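**Q** One structure is given below, represented as structure tokens, and several questions about it will come after.
The values are calculated or read from the model by the stated rules, or taken from the named source; none is laboratory data. None of the values given here were measured: they were computed from a predicted structure. A quick note on method: Cβ atoms are made from the backbone with ideal geometry, for glycine too, and the neighbour counts reach across all protein chains shown. These area figures cover heavy atoms from the full protein model, side chains too; ligands, DNA and RNA do not enter into them. Shrake-Rupley method; radii C 1.70, N 1.55, O 1.52, S 1.80 Å.
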Amino acid sequence: SEATNIDITLGRPVQTFTASGCVIDGEKGLPVANARFTVQRIVSSNYPSFGNPVTSNTQGEFVVDNLIPGKYSLYFFPEPNSEMRPETMTFDVLDQDVTGLVIRMARGESISGMVVLEGENPKAVAQLARAEIRAFVNQPGGPGMGRNAIASISSDGSFRLAGLAPGNVNFYLGDSRTRMELEGIRVIRIERDGVIQTGAVEIREGENLTGLRIVV
């Protein structure tokens, strides 16, 4: 059959704005080059709306395009073994471009410990040889998403995750070659000072956790 008399009405073009500023080392006051992040429009705490990736230039400067009015926060892409994290910051886009934003990087919290393989599984041993440990931090009451961190796993199973923000930390293993989640291996349990942890592991402001045991 054929449908007729179908009328399509377009609305007015949506006006967009830009946000610009710089990324600096909060301790030294120096520009931070090649910082990779995106902004996320805070629609709700569960469903943030992400923008396009942005990278700061050699002077730490950045420009974010095509922003519609709303409240925004930052999501930084994790760099392996990085010690730095951004301080929490939000900004509002109303009816004009936003300029002069300053993103300060600070030394983050850290977690160190061991990844332990339970049982004997030759295939799992081979997978662990190319694995990296990843942490996702959910900040209760914070806007948008939490912070990620990535670290390599040494041949003896030891690791150190740095550049974390305070909050509740969940862990999973990724493939260091593809940066995808490692298939066939999952975290069975997490032990802290010999005590099995139920749920996420909490890390506080200025805290550096040691002795964590992640059993896979």
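**Q** Over the stretch 1-139, calculate the relative contact order: mean separation of alpha carbon pairs under 8 Å at least 6 apart, over the residue count, as a percent.
**A** Dividing the mean separation by the residue count of the stretch 1-139 yields 26 percent.
**Q** How many nm is it between the label spots at R204 and V14, if each spot is 7 Å from the Cα in line with the beta carbon?
**A** 4.3
**Q** Related question: What list of ³J(HN,Hα) values in whole Hz, one per residue of the stretch 82-90 in order, does the Karplus curve 6.51 cos²θ - 1.76 cosθ + 1.60 (θ = phi - 60°) give from phi, with Gly and Pro shown as x?
**A** Running phi through 6.51 cos²θ - 1.76 cosθ + 1.60 with θ = phi - 60° gives 6, 9, 9, 9, x, 6, 4, 8, 10 Hz.
**Q** Using θ = phi - 60° and the Karplus curve 6.51 cos²θ - 1.76 cosθ + 1.60, what whole-Hz ³J(HN,Hα) does each residue of the stretch 203-211 get, with Gly and Pro shown as x?
**A** So the Karplus estimates, Gly and Pro as x, are 10, 9, 4, x, 8, 10, 7, 10, x Hz.
**Q** Specify the residue with the greatest mean-square fluctuation among N148, N66, N138, computed from a Gaussian network of the chain linking alpha-carbon atoms under 10 Å apart.
**A** With Cα springs under 10 Å in the chain, the top fluctuation among N148, N66, N138 is at N66.
**Q** To continue, here is another question. If you roll a 1.4 angstrom probe over the protein chains with everything in place, what fraction of the accessible area of the chain belongs to carbon and sulfur, to the nearest %?
**A** Using a 1.4 Å probe with all protein chains present, the chain comes out at 48 percent carbon and sulfur.
**Q** A further question follows. Suppose every K and R has +1 on its Cβ and every D and E has -1 on its Cβ; what is the size of the dipole of the chain about the Cα centre, in Debye to the nearest 20?
**A** In total the dipole reaches around 300 debye.
**Q** If the viscosity is 1.002 mPa s and the temperature 20 °C, what Stokes-Einstein diffusion coefficient in µm²/s follows for the stretch 71-211 when Rh is the Kirkwood radius over Cα pairs?
**A** Calculated translational D: 130 µm²/s.
**Q** Another question about this same structure. Nearest 20 debye, what's the magnitude of the dipole of the stretch 79-120 about its Cα centre given +1 on Lys and Arg Cβ and -1 on Asp and Glu Cβ?
**A** It works out to roughly 220 debye.
**Q** Apply the Karplus parameterisation 6.51 cos²θ - 1.76 cosθ + 1.60, with θ equal to phi minus 60°, to every residue of the stretch 98-104 and state each ³J(HN,Hα) to the nearest whole Hz, in sequence, with x for glycine and proline.
**A** 9, 10, x, 5, 10, 9, 9
**Q** Using a 1.4 angstrom probe, figure out how much accessible area the chain has per residue, in square angstrom, rounded to the nearest whole.
**A** About 59 Å² of surface per residue is accessible.
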